Amino acid sequence: MTTQQLTIEEQERAAYLAGDIRTAELLAEIIQLEAERDQLDEEIEAAKAAADDDSLKHWEKENGDPEQYKEFFFDCFARLAGHYPAPDISSDYDKSVIFEAIERGEGITK
């Protein structure tokens, strides 16, 4: 039987039995590193799953229905449209105009 057919653990034991201590020690280190890698991979996967699953749910729990926020800002842009040329939901400048108006307490009427 060749060492390629053996698991790394079996190769480590065989090296010890053959008196090849240095090879056995290196194989033991490989086994330990593989175990650490596997544990880290599991932790990464668990963290990814938790982040994917919980991020929106957590935000909703803390802040409420995101649809209400979306509607609020659509309404802001709709009201701004009559007083400000071509507002755009993707424009950071246009968002800043709304935020500044809110901070100043200015009322924009229909």
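The values are calculated or read from the model by the stated rules, or taken from the named source; none is laboratory data. Values in this document were obtained by computation on a predicted structure and should not be read as measured data. Note: ideal-geometry Cβ built from the backbone for every residue, glycine included; neighbour counts use all protein chains shown.
Name the single residue, out of those in region 47-61 being among the acidic types (Asp, Glu) and surrounded by 10 or more Cβ atoms within 10 Å (Cβ to Cβ), that is modelled with the lowest pLDDT. Applying the filter and picking the extreme gives Asp53. Pick from Ile44, Ile21, Ile30: which is modelled with pLDDT of 90 or more and either surrounded by 11 or more Cβ atoms within 10 Å (Cβ to Cβ) or assigned by TED's automatic domain parsing to the domain that holds Ile102 (or both)? Only one candidate passes the filter, namely Ile30.
Can you find, within region 62-81, the residue that is surrounded by the most Cβ atoms within 10 Å (Cβ to Cβ) among those that are aromatic (Phe, Trp, Tyr) and free of Cβ contacts under 8 Å to residues at least 12 places away in the same chain? This residue is Tyr69.
Residue-wise test of (1) of a type in the set (Lys, Arg); (2) farther than 30 Å from Lys95 by Cβ; (3) not in a helix (DSSP H, G or I).
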| position | (1), (2), (3) |
| --- | --- |
| Gln11 | no, yes, no |
| Arg22 | yes, yes, no |
| Glu25 | no, yes, no |
| Leu40 | no, yes, no |
| Ala47 | no, yes, no |
| Glu60 | no, no, no |
| Tyr69 | no, no, no |
